[in-house]
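Each value in this text was obtained by applying a stated rule to the coordinates, not by laboratory testing. Computed from a prediction, not measured in an experiment: that's the story for all the values here. Because the Cβ atoms are built from the backbone with ideal geometry, glycine has one as well, and the counts that use them run over all protein chains shown.
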């Protein structure tokens, strides 16, 4: 995995309950590899120390995993032996401890996965909690920017991500979270009306990659749920028209780029029954890149989901389905030329996978939990 450089830890407002109780409050779950039988427990402390996770099927924890390194950002991977099970866990760093928390291991019959984007409006997410999802993904823009809390030009400050976790503690303690990059996630300077002398965005996404423990290069990744025949793929595509300027936000995506070749290789050969690709750029822009080659690659999969626009949409192009979702979904609409559903609604996407029969149901839902649009995808013989 990547080295852990010194992290700027935020002292503003939260201080992680650095009181006599030394309670650890900021906890979130991720995956480090494309293996659903392992999960990473992450937390942050005010004082550096070791990393210990105690866990089991009750508060009488029977398992312990410890990492003996002195850090304030903690990432500990634990194995999960059972499916369809609620695990209890607690973390500790020296005398800093957490209360008992729980999460669900992955199911054997029905899998529910939510996709969100554009957290800037700080919405209530009660509907997602009520959906009892097993995995939470994003389609970019998980924070508003880095420089608001961190100062201009600072790349390795994780404070805005800590603020995100603090806003939804029950959700992040109980649900594995695998975010995708947007331009806001690496904005280290105000954008302004024209490209300035210095880069506005940290293309390497230093803070994002330090805070979240994700597979692969972390700015792109994939995660498989083989039992349900699905692969989730994260791409780094956002504001692609700014490539080559000081407004450039994402990694290159031309045909000779590492990103294009990685995606082309990933989608070469036999594929899972369902491939869901996630990014943070306008769908019509992505599929037209490299003379339409990106569109051809996407169509090797099943659906693509973006969080670029502030609206809810499903579009159908060349027998392929594109989605746009946003938690801040009441902005200007610029529909896909092939739009089939379009609404000014704060929304998220809920995917439900079943094994018998093997199918994927995709719903666009508003934040009251109402289904706005629904489509089923089945495996054809």
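Structure notes:
- Each part reduced to its alpha carbon centroid, the stretch 51-76 and the stretch 149-202 end up 27 Å apart.
- For the stretch 61-175, average projected area of the Cα convex hull in nm²: 9.1
- Prolate/oblate/rounded call for the stretch 321-381, Cα gyration tensor, a/c under 1.5 rounded: oblate
- Using R0 = 41 Å, the C-beta based FRET efficiency linking residue 60 and residue 356 works out to 0.70.
- In the distance distribution for the chain, Cα-Cα pairs more than 31 Å apart total 34 percent.
- Antiparallel bridge percentage (DSSP; both residues within the stretch 110-378; nearest 5): 65
- A helix-only calculation puts the chain at -3000 deg cm²/dmol for mean residue ellipticity at 222 nm, using -39500 (n - 2.57) for each DSSP H run of at least four residues, averaged over all residues.
- The stretch 127-179 - Debye-derived log10 I(q)/I(0), Cα point model, q = 0.17 Å⁻¹: -0.61
- Computed over Cα pairs, the Kirkwood radius of the stretch 182-243 leads via Stokes-Einstein (1.306 mPa s, 10 °C) to a diffusion coefficient of 117 µm² per second.
- Estimated translational diffusion coefficient (Stokes-Einstein, Kirkwood radius over Cα pairs, 4 °C, 1.567 mPa s) of the stretch 15-104: 98 µm² per second.
- Sorting 354-365, 208-219, 337-348, 139-150 by average packing, meaning the other beta carbons within 10 Å per residue, from highest down gives 139-150, 208-219, 337-348, 354-365.
- Shape of the stretch 209-366, Cα gyration tensor, a/c cut at 1.5: rounded
- In this calculation the C-beta distance from residue 285 to residue 197 is compared with R0 = 30 Å, giving a FRET efficiency of 0.65.
- Sorted fewest first by neighbouring Cβ atoms within 10 angstrom, 372, 267 come out as 372, 267.
- Within a Gaussian network of the chain (alpha carbon springs, distance under 10 Å), most fluctuating of 191, 112, 299: 191
- The stretch 164-206 shape via C-alpha gyration tensor axes, a/c threshold 1.5: prolate
- Residue 227/residue 152 FRET efficiency (R0 45 Å; Cβ-Cβ; nearest 0.05): 0.45
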